[in-house]
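Reading through the structure tokens given below for one structure.
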Amino acid sequence: QVQLVESGGGSVQPGGSLRLSCTASENIFTMYTMAWYRQVAGKEREMVAVIPNSGTIRYGDFVGGRFTISGDLAKKMISLDMNSLKPEDTAVYYCYALIKETRAAIPIPSWGQGTQVTVSS
């Protein structure tokens, strides 16, 4: 099974910046989409940013131009640059990918283990 390995979480003061990175570990036939989601304990997981292999990059409404997703799906890696961080951005951030592992396989979603982002003074 494909593994998504995340890095870059941590603690930062309000107004600070962090960069998250995610890489898929296995050979993949087709990478349809990679994305970042986040979740606060007791709340639903919400989409932060999505980068499809074709189409338009999308961001959650709360991003407000503060975050930028980038990456190369052919290289199975994405990053999320987060600026002007706010305390309400505190959450576990998860890497997501929609992957077809072989030509005959159906696309399946995969999730990383999550990385904690804490914004606090």
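All of the numbers you see were taken from the coordinates with simple rules; none came from a lab. Remember, it's a predicted structure, so these values are computed and weren't measured experimentally. Neighbour counts run over all protein chains shown; Cβ positions are idealised from the backbone, glycine included.
How much length, in nm to one decimal, is gained on full extension between S54 and D72, taken as 0.36 nm per residue of separation minus their Cα-Cα distance?
Working: separation 18, 0.36 × 18 = 6.48 nm, distance 1.15 nm.
The S54-D72 span can extend by a further 5.3 nm.
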Review point. Can you pull the three principal axis extents for the Cα set of the chain, in Å, largest first?
Key: 50, 25, 23
Review point. Under 19 Å from the Cα of K100, which lysines turn up, not counting those fewer than eight places away in the same chain?
Key: K75, K76
Check your understanding: Per residue, what volume in Å³ does the convex hull of the Cα atoms of segment 37-100 enclose?
Key -> 95 Å³
**Study point:** Farthest positive-ward along the chain dipole, Cα basis, beta-carbon charges - from A41, A74, A24
**Key:** A74
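Can you tell me, using C-alpha contacts under 8 Å and at least 6 residues apart, the relative contact order of the chain as a whole percent? All intermediate terms of the calculation are to be shown ahead of the outcome.
Values: 306 pairs, mean separation 43.6, N = 121.
Reported as a whole number, the value is 36 percent.
Restrict the search to segment 24-112; then list the trypsin sites (Lys or Arg not before Pro) that DSSP places in a loop and that have at most 13 other Cβ atoms within 10 Å of their Cβ. It would help to have the intermediate numbers written out before the result.
Values: sites: R38, K43, R45, R58, R66, K75, K76, K100, R103; in loops: K43, R45, R66, K76, R103.
Answer by residue number: K43, R103.
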Review point. GNM on the chain, C-alpha springs below 10 Å: top fluctuator among D81, D72, D61?
Key: D61
Check your understanding: What is the Cα centroid distance between segment 88-107 and segment 7-37, reported in whole angstrom?
Key -> 11 Å
Study note, to complete from the structure: Rounded to one decimal in nm, the spacing of the 7 Å Cα→Cβ label points at S17 and E46 is 2.4 nm
Check your understanding: Which whole-number percent gives the relative contact order of segment 1-62, counting Cα pairs below 8 Å spaced six or more residues apart?
Key -> 23 percent
Point to revise | Cα-based convex hull, segment 1-48, per residue volume (Å³, whole number) | key: 120 Å³
Check your understanding: Which loop GluC sites (Glu not before Pro) in segment 17-54, with loop taken from DSSP, have no more than 13 other Cβ atoms within 10 angstrom of their Cβ?
Key -> E26, E44
